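The values are calculated or read from the model by the stated rules, or taken from the named source; none is laboratory data. All of these numbers come straight from a predicted model, not from anything done at the bench. Neighbour counts run over all protein chains shown; Cβ positions are idealised from the backbone, glycine included.
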Amino acid sequence: MKAILFSCFCFIAVCVQAQIPAGDGEGYFCSLCNDACDTLLFTKPGFCTHCRMKLVRQTYAERRDLLNQLEHKMTICFYLQDGVEVLDFAGPMEVFNYAGFNVFTVSRTKAPINSQGILKVMPDYSIDDAPAADIIAFFGGNAGPSSNDPEVLKWVQTRAAKTQYFFSVCTGAFILGRAGLLDNLTATTFHSSIESLRAALPKTKVLENVRYVDNGHVITTAGISAGIDGALHLVSRLKGDEMARKVAKYMEYDKWIPNQGLVVNKN
């Protein structure tokens with residue numbers, strides 16, 4: 001009983017916390033998980049009581065600088081169509097969210113999305129009122145209608161010049177391809193759709209047996225879990241290997257192997 005009480009006391013002592021004070025000083029902070037605990041100050045090393053991430057030691061000034069950077073975090077638009085595969089978008093969404101990106105959802109209209117008949121998603125925007133984003137992502141699961149919808153393809157094309165990166169998982173590559181964004185590039189998709197993508201996109205080199213293909217401006221991945229690999233790869237490119245490793249560890253994605261995909265162009 002004494003050992004239990006002592007352990008509880010130590011846990012509480014580690015978790016004494018307050019908002020970051022003004023001025024100089026240093027303390028222990030959460031490893032930036034894009035949640036309310038990012039602003040919490042801890043007095044001793046340990047783990048965040050909110051998100052359970054390991055605490056890091058920083059000065060108050062260093063922490064304030066990081067929080068100021070978060071106010072200008074990159075935005076990523078997830079285009080979701082009716083019938084979209086749950087893990088195709090949910091896996092990468094968790095990666096980008098934990099890495100500090102501002103994620104929002106868009107669809108053809110603002111009507112609820114029915115994902116695999118088991119999950120309803122209310123999109124934040126339609127293609128008529130969606131704001132600009134640094135990254136736009138597309139996903140598999142009934143991607144055919146969207147890849148053949150002139151209004152959706154026009155929307156993608158009008159965003160091309162001002163979007164830093166395009167990202168697809170599984171058959172989401174068909175939407176990018178039909179919009180002309182994979183012309184003369186190398187790409188991949190879900191293993192059972194490789195031949196269909198080759199037939200649909202004669203100007204694209206379509207590879208099989210690869211987790212993701214990075215052309216610099218456009219990244220395509222194979223199906224489902226490969227989308228998590230591609231998302232972690234993009235996080236590594238934009239925020240460094242350490243951030244990608246932290247996200248993978250936090251998600252307990254212990255099967256992730258960095259650099260398992262193909263990088264054609266880093267620019």
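Checked against (1) in contact with a helix residue (DSSP H, G or I) (Cβ under 8 Å, 6 or more places away or on another chain); (2) part of a loop (DSSP other than H, G, I, E, B), Ile76 meets all criteria but (2).
Give me the residue from the stretch 140-168 that is closer than 25 Å to Arg211 by Cβ and among the hydroxyl-bearing types (Ser, Thr, Tyr) and, out of that set, surrounded by the fewest Cβ atoms within 10 Å (Cβ to Cβ). The selected residue is Thr163.
Quick one: would you say Ala173 is closer than 20 Å to Val152 by Cα, in contact (Cβ under 8 Å) with a residue 40 or more places away in the chain and of a type in the set (Gly, Ala, Ser)? Yes; evaluated as a whole, the condition is true for this residue. Only residues that are in contact (Cβ under 8 Å) with a residue 24 or more places away in the chain, surrounded by fewer than 17 Cβ atoms within 10 Å (Cβ to Cβ) and either in a loop (DSSP other than H, G, I, E, B) or of a type in the set (A, V, I, L, M, F, W, C) (or both): list them for the stretch 91-110, please. Scanning the stretch 91-110 gives a single hit, Phe104. Let me spell it out: the conditions are (1) in contact with a strand residue (DSSP E or B) (Cβ under 8 Å, 6 or more places away or on another chain); (2) outside any strand (DSSP E or B); (3) among the hydroxyl-bearing types (Ser, Thr, Tyr), and Thr220 meets all of them except one. Which number is the exception? Of everything listed in (1) in contact with a strand residue (DSSP E or B) (Cβ under 8 Å, 6 or more places away or on another chain); (2) outside any strand (DSSP E or B); (3) among the hydroxyl-bearing types (Ser, Thr, Tyr), Thr220 misses just condition (2).
Taking the stretch 247-259, which residues are at pLDDT 90 or above and exposed (fewer than 13 other Cβ atoms within 10 Å of the Cβ)?
The answer is Glu252, and nothing else.
For the stretch 178-193, a residue qualifies if it is under 23 Å from Ala90 (Cα atoms) and in contact with a Lys or Arg (Cβ under 9 Å, 6 or more places away or on another chain), and the qualifying residues are Ala187, Thr188. Taking each residue of the stretch 201-229 that is touching a residue at least 60 places away in the same chain (Cβ under 8 Å) and looking for partners that are part of a strand (DSSP E or B) with beta-carbon atoms closer than 7 Å, six or more apart or interchain, yields Gly227/Val169; Gly227/Thr221.
Evaluation of Ala99 against the conditions (1) at pLDDT 80 or above; (2) of a type outside the set (Asp, Glu); (3) touching a strand residue (DSSP E or B) at 6+ places or on another chain (Cβ under 7 Å) shows that the sole unmet condition is (3).
Taking the conditions exactly as written (under 20 Å from the mean Cα position of the chain (by Cα), surrounded by fewer than 23 Cβ atoms within 10 Å (Cβ to Cβ) and either among the aliphatic types (A, V, I, L, M) or modelled with pLDDT of 95 or more (or both)), does Ala137 satisfy them or not? Against the criterion (under 20 Å from the mean Cα position of the chain (by Cα), surrounded by fewer than 23 Cβ atoms within 10 Å (Cβ to Cβ) and either among the aliphatic types (A, V, I, L, M) or modelled with pLDDT of 95 or more (or both)), Ala137 does not qualify. Screening the candidates Ala244, Ala226 for the property of being touching a helix residue (DSSP H, G or I) at 6+ places or on another chain (Cβ under 7 Å), in a helix (DSSP H, G or I) and either among the polar types (S, T, N, Q) or crowded, with 20+ Cβ neighbours inside 10 Å (or both) yields one hit, Ala244.
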